Amino acid sequence: MTVAGWWQQSGNFVIVRRIERVPPGPGQESVWDYPRPPSLEMCAKEVVVELGGVVVAKTSDAYRVLETSHPPVYYLPPGDVRAELVPAGGGSVCEWKGEASYFDVVAGGVVAPRAAWAYLDPSEAFRPIAGYFAFYPAAMDRCTVDGEVVRPQPGGFYGGWITDDIVGPFKGVPGSWGW
């Protein structure tokens, strides 16, 4: 099933590409069934982040943000973060959540620059994650959800966590900027 299409101008031609949704199997979710604007839900699964050979964060009280074409992003309560998080310069703005602040993650003698972010004063719909931290799984040694090792969302800009129960295709792959 084609779920979306996008186009790009190339000289005098318009190139149209179709995105084929991967049908979810039993116990799976398709990111193409996630809403836009995104939704926020509690997650009781055990979420663990590791860097420098130590546990940076561990919780069963995370939130997941679910947005069309994106694997979930997990936000962990500050009380469950065990690493030093040093404010890093710059920021970004999400049209739904508001302004994000970035942090260097320091643990086990390792510094992962701008590897975590938080919405310190998010929009009303995302108030529950105010001050919660999200981590780029590609910048960590290992991230797990209920013991399953996470695969990072492709592309480097997005921080989604891919597990076996999530199917795509996922925004972030080459050619997906316009999805």
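The values are calculated or read from the model by the stated rules, or taken from the named source; none is laboratory data. Only a predicted model underlies this, so the values are computations on that prediction, with no experimental measurement involved. Virtual Cβ from ideal backbone geometry, glycine too; neighbours counted across all protein chains shown. Protein only, heavy atoms only, side chains kept; ligands, DNA and RNA dropped before computing areas. Shrake-Rupley method; radii C 1.70, N 1.55, O 1.52, S 1.80 Å.
Scan segment 93-106 for residues that are surrounded by 12 or more Cβ atoms within 10 Å (Cβ to Cβ), at negative phi and part of a strand (DSSP E or B) and the total you get is 9. The set of residues in segment 107-122 being within 15 Å of Tyr75 (Cβ to Cβ) and open to solvent by less than 40 Å² (accessible area, probe 1.4 Å) consists of Ala115, Ala116, Trp117, Ala118, Tyr119, Pro122. Of the residues making up segment 126-158, those that are within 11 Å of the chain's Cα centre (by Cα), in a loop (DSSP other than H, G, I, E, B) and of a type outside the set (A, V, I, L, M, F, W, C) are Tyr136, Gln153, Pro154, Gly156, Tyr158. Among the candidates Arg114, Arg142, single out the residue that is touching a Phe, Trp or Tyr at 6+ places or on another chain (Cβ under 6 Å), at pLDDT 95 or above and charged (D, E, K, R). Just a single option satisfies the conditions, and that option is Arg114. Among strands (runs of 3 or more DSSP E) entirely within segment 15-81, having at least 3 residues that are β-branched (Val, Ile, Thr) and open to solvent by less than 30 Å² (accessible area, probe 1.4 Å) singles out 47-51.
For segment 146-166, enumerate the residues that are more than 20 Å from Pro23 (Cα to Cα) and open to solvent by 10 Å² or more (accessible area, probe 1.4 Å). Listed by number, the residues that qualify are Asp146, Gly147, Glu148, Val149, Val150, Pro152, Gly155, Gly156, Phe157, Tyr158.
Just one of Trp161, Trp96 is more than 13 Å from the chain's Cα centre (by Cα) and of a type in the set (Phe, Trp, Tyr); which is it?
Of Trp161, Trp96, the one residue that is more than 13 Å from the chain's Cα centre (by Cα) and of a type in the set (Phe, Trp, Tyr) is Trp96.
Of these, Asp164, Asp121, which one is acidic (Asp, Glu), within 21 Å of Val86 (Cβ to Cβ) and either part of a loop (DSSP other than H, G, I, E, B) or without any contact (Cβ under 8 Å) to a residue 40 or more places away in the chain (or both)? Outline the logic, then answer.
Working: Asp164 fails: within 21 Å of Val86 (Cβ to Cβ).
On inspection, the qualifying residue turns out to be Asp121.
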